[in-house]
Amino acid sequence: MTRMSYRTLLASLLLVPALASAEVSPLDLVQPVSDYKIYVSQQLEALVQGTRKFTDAIRAGDLAQAQALYAPTRVPYERAEPMAELFSDLDSAIDSRADDHEKAERDPAFTGFHRLEYGLFAQRSTEGLTPFADKLMADVIELQKRVQGLTFPPEKVVGGAAALMEEVAATKISGEEDRYSHTDLWDFKGNVDGAQKIVALFRPLIVKEDPAFAAKVDKNFETVENILAKYRKGDGYEPYDRLSEADRRGLVGPVTTLAEDLSMLRGKLGLN
Amino acid sequence: MHKSFPESASSRDAVSTERRRMLRGLGAAGGVLVGASAARAMALEAHPAPVDRVAQAAQPTPGAHAKHTQVTDAPSGNRSQDEWHACFGAHQAGVLTPRPASGMVASFDVLAQDAQGLAELFRTLTARIAFLTRGGPTPELAPGFPPPDSGILGPVVRPDALTMTVSVGASLFDERFGLQDQRPKHLIRMVRFKNDALDASLCHGDLLLQFCANTPDTNIHALRDVLKNMPGLLALRWKQEGSVPVTPAQPGEPVANARNFLGFRDGSANPDAADDSLMDRVVWVGSEHQEPGWAAGGSYQAVRVIRNFVERWDRTPLGEQEAIFGRRKASGAPFDGQQESDVPDYAADPAGKVTPLDAHIRLANPRTHGSERSLMLRRPFNYSNGVTRSGQLDMGLLFIAYQANLQEAFIAVQKRLDGEPLEEYIKPVGGGYFFVLPGVPAPQDGGPHHDYFGRSLLLAAHPLLEKS
Amino acid sequence: MMRPSENRPAAPGKRLGVRLGLAAAFVLLFLAGAAFYFASRQAHQARQDDGAVVVHVRADRCEPNALSVPAGRTTFRIVNDSKRAVEWEILDGVMVIEERENIAPGFSQTLSANLAPGQYAMTCGLLSNPRGALTVTATDASDAALSARPKLVDFIGALAEYRVYLSAHADALVSDTQRLTQAVAAQDMAAARRAYQSAYGHYASIEPAAGAFGDLATRLDGQAAYFERREADPEFRGFRRLDALVSQAQPSTDLARLADDLAADARALRERLMAQTLPPDRMAAGAARTVHQLAGTHLSGLSADTARMRAQAALAGARKVFSLLKPFVDKRDAKLSASIEQAFDRVTQAPVGAAASTTGTTGAAADPGTTEASNAAAWQALADQLQRVEAALGYA
């Protein structure tokens, strides 16, 4: 058998699983994917506007204002994370933590939100932060431009819900994301919002495929929202260290289960 | 007999003369004991083998450099505790030696103050390695003294296929020991790659020891022995233990590479360790590599502690896992092949329709003209440490690779891998670059043993070192 | 042709139909594979009888320095006519596809390579020597392998992107027509004119999709010529009717009503557009139609400014469609892709970028030799090229 014909057969065998989920037509996915791009565009516009106010406060030396704006500015980024992290250079520049760098906080490559967080909350000063503020502003604008020009890969959109819950499971539940400001619960909610948005956009299709699955996902989101709601404070949240051990443990189960369940979403919607 | 069990400097004086005579007598008399406790007598009678083996030092044993076994084959679980590998030879053991089930790397800061101190360190280390890899009864002191051996392997140390491989880091070649001009060409302090999150407390070191044995206790015993014997010369910096799954060989099936904690075979496409001329080109430093003369017979060693996000991996569709690696998970075969040993044909797939262009194996080795310069011998272990603050598992790959040219092999390959899809699931957190010291020839029968690991390096920098 | 997925027959019947379709598809693919296997074997035999393709490597070049072979397996014989040992490589970019090393001076070696259609390079002795060119041409057999339509799932990203585009322009259309009604109510004709221009521009941008809705297209953009009583017909409304009215200094009596109708129709259009997903062939057909209209007298009756703006916006809209479908066309027919790009450029460069004719209500063809005529030809050429996209994507 020549290599070419063997591959044709192999390719034909591979096509069969892709066609097997025939209840959901690929055309059905177009609307939710496009609605998601609109959602992400709105989040990134909010991110740009918020970052402008945040960095203005830093440049003006207004420590209190900058501290107050830190957590709410990050929320749209955490919501739009599945698309933002497709650009790993910007994701690293905007959102890396000290322990991603060998020299930790003193590493020159440590920039972005957490570098500013370190200055504002650990060193408690805006001194020397202007260059980092400028860079964050430039990076956020560049991110918006890149996402604007990106045709969203549907499997990354659908998989984004699971990816957000992985984020929460790996870094938000432990409180290691915002270690200087302890504003992790804001980020937590942002990730959960982003995941819920994706599920909501695809919900009609999910319900058609597997109504029990949809109900289970909804219930777990509800549990998470209810626990988080206990820590609401004004427009935001209590510091992470207020989270009781019982509630922290109460979050682990639904968050991990959501990560497991949402990892099945691509398969259920016929995306490989 | 006492020449084969060199006693450490600290124990030599403390051992009572009566005990020493007794120990010496054992070999000649074949087991006659004078004044020994009952337990010890039982222990010695139950394990006569190491004593016999000492007399038969020239005989090879099962497992010693079985050339048909590849380095990363899964250990088959039928190993004997008496299996031993010679630590002396043209090259150090533990590189081409088939990998046993347990491994450990331990990194040290050298505390010696000068070249003489470093020489003493290497001499002592060599002596300990010679004993531990060969086995034998442990020395005893009177009960008023702390025992010289931890005793975790019992009163008679079984070799258990232990190899101990000594390598040195770039920091050893600073001004402390006058070795600046002797640093191997490519030996540098490891520099972070884009996906790294290096924890300074898990990186680098003046000296690294790689311990491999059939069981973890043998490695731990050896590490504790080293620490006990050289407290003023070495301080432990970091260590990582690891293991590979034991898979008994099935009749009629080829021996397969052991799996990593992502469930994939690790070590497919390793160069053939039985091919001496290939190993001379790819692994061992030789005259063609233009390194300092003392380094001939050594090798560059890249160590990376790479955490795997296993929960997230286990939630990833199988098709995606396979596309990320570029191989079928169950068989280890490439997409256009039938079995693990098949070589993928990328030339017939330039657009990456069969094996994606960013698949791990394709990026690591695109099999184009010139990519054979990047061959290296990988000999990794899986590690499983603890639980992170998020309640997720801290486990991953203790990656160890040997090559004659660090720049062209590991560093070039890792640069090609920068940005690969697998990065979503892995995070290098530690490790370093080291140089495996050249081998030391075995002592001549009956003669004193002057040679030791690192001697050629010290003499290259300080030719008059031994003249005093 | 794919139909929008709004109307679905009863589920059980559909499942059986899908299963049968699956089975049929699988059988067809298997047969295609088998047919291709036998065809390529035949081709292989034929070449062997003719002998290998001979390439002489000389001191500073190959002879021949440019080769063309059909796709599939070709045997090359490389003859080293130079004084040094050489290696011969076929390169795809920087990747070596095949090579023979160490051909001694005066000796030859054969190399058998299975090549896909495309442009390759071959080395000719020393690395400093210029490379030779090796062109591998498509054959019926290699075409057969490529012609299977891409999976619809591969289009999702592009279709979603177009939907975002439609959504943005539809939103702007709605808000502009709203501004128009407000300007008319405030009797601010300058603002009304601005709002009108902006609205019409957004409409034109999405004409490839919007024009498919016959009823709404007629209400929003119907030409007077197609109404029984032409400009006097009570059903004549929309952008065409408003063009003259918003240019006046004072609002006419029916301006308010016409503006309100326009705003309502704009909202209806947005709803219609967002309620369905345009499949790739409809997108392509829509773009072709949009451009085809502009090659004719479609813009007759509009003022020069409006016509120009309308043409440019419609061209941009068609270009957006093509840019999203281009990666798929590239894979199947790179030459078509290139000629479409060229045709777009030519139209963009046409004097003032205007469409063929802005005069004449009878649809008479422009006089040949005039600027109008060459504009018309450029638009028509583009329309003809775009017409081929549907087939290039694998749709009938």
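The values are calculated or read from the model by the stated rules, or taken from the named source; none is laboratory data. Model, not experiment: these values are computed from the prediction. Positions of Cβ are generated from backbone atoms using ideal geometry, with glycine treated the same way; all protein chains shown enter the neighbour counts.
Overview of results
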| item | result |
| --- | --- |
| B:I324 vs. criteria in a helix (DSSP H, G or I) and surrounded by 22 or more Cβ atoms within 10 Å (Cβ to Cβ) | yes |
| Among (1) surrounded by fewer than 22 Cβ atoms within 10 Å (Cβ to Cβ); (2) touching a strand residue (DSSP E or B) at 6+ places or on another chain (Cβ under 7 Å); (3) more than 14 Å from chain A (Cβ to nearest Cβ); (4) not basic (K, R) - the single one C:M122 does not satisfy | (1) |
| Options B:P245, B:P251, B:P292; residue that is more than 17 Å from B:A90 (Cβ to Cβ) and free of Cβ contacts under 8 Å to residues at least 40 places away in the same chain | B:P251 |
| Residues that are of a type in the set (V, I, T) and not in a loop (DSSP other than H, G, I, E, B), drawn from the stretch B:336-378 | B:I361 |
| Selected residue (only one of A:A71, A:A93, A:A46 is in contact with a strand residue (DSSP E or B) (Cβ under 8 Å, 6 or more places away or on another chain) and touching a residue at least 12 places away in the same chain (Cβ under 8 Å)) | A:A71 |
| Breaking point among (1) out of contact with any strand residue (DSSP E or B) (no Cβ under 6 Å at 6 or more places or on another chain); (2) over 30 Å from B:L172 (Cα atoms), for B:P441 | (2) |
| Test: residue in the stretch B:328-335 that is touching a Lys or Arg at 6+ places or on another chain (Cβ under 6 Å) and not in a strand (DSSP E or B) | yes |
| Residue pairs meeting the criteria (Cβ under 6 Å; at least 6 apart or on separate chains; first closer than 16 Å to B:Y402 by Cβ, in the stretch B:368-392; second small (G, A, S) and at pLDDT below 90) | B:R378/B:G267 |
| In the stretch C:66-88, the residues that are part of a loop (DSSP other than H, G, I, E, B), of a type outside the set (D, E) and in contact (Cβ under 8 Å) with a residue 24 or more places away in the chain | C:A71, C:S82, C:K83, C:R84 |
| Residue list for the stretch B:357-377, restricted to those being within 13 Å of another protein chain (Cβ to nearest Cβ) and crowded, with 20+ Cβ neighbours inside 10 Å | B:R362 |
| Failed item, numbered, when B:S102 is tested on (1) out of contact with any Pro (no Cβ under 7 Å at 6 or more places or on another chain); (2) modelled with pLDDT of 95 or more; (3) not charged (D, E, K, R) | (1) |
| Test: residue in the stretch A:171-187 that is β-branched (V, I, T), outside any helix (DSSP H, G or I), at pLDDT 95 or above and under 21 Å from A:A64 (Cβ atoms) | yes |
| Test result for A:H101, without any contact (Cβ under 8 Å) to a residue 12 or more places away in the chain and either under 21 Å from B:V429 (Cα atoms) or under 25 Å from the mean Cα position of the chain (by Cα) (or both) | yes |
| Cβ-Cβ under 7 Å pairs, at least 6 apart or on other chains, the stretch A:157-177 side more than 8 Å from chain B (Cβ to nearest Cβ), far side among the basic types (K, R) | A:V158/A:R266; A:G159/A:R266 |
| Selected residue [away from chain A (no Cβ under 12 Å), free of Cβ contacts under 8 Å to residues at least 40 places away in the same chain and in a helix (DSSP H, G or I)] from C:A204, C:A195 | C:A195 |
| Filter pass, A:Y240 being in contact with a strand residue (DSSP E or B) (Cβ under 7 Å, 6 or more places away or on another chain), crowded, with 16+ Cβ neighbours inside 10 Å, among the hydroxyl-bearing types (S, T, Y) and farther than 22 Å from A:E155 by Cα | no |
| Residue within the stretch A:85-100 that is within 30 Å of B:G319 (Cβ to Cβ), within 14 Å of chain C (Cβ to nearest Cβ) and at pLDDT below 95 present | yes |
| Residue list for the stretch B:391-413, restricted to those being polar (S, T, N, Q) and surrounded by fewer than 19 Cβ atoms within 10 Å (Cβ to Cβ) | B:Q407 |
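A quick yes/no check of all residues on (1) closer than 21 Å to B:Y383 by Cα; (2) within 14 Å of chain A (Cβ to nearest Cβ); (3) free of Cβ contacts under 8 Å to residues at least 40 places away in the same chain:
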site	(1), (2), (3)
B:K194	no, yes, no
B:D199	yes, yes, no
B:G205	yes, no, no
B:F211	yes, no, no
B:P216	yes, no, no
B:H221	yes, no, no
B:D225	no, no, no
B:M230	no, no, no
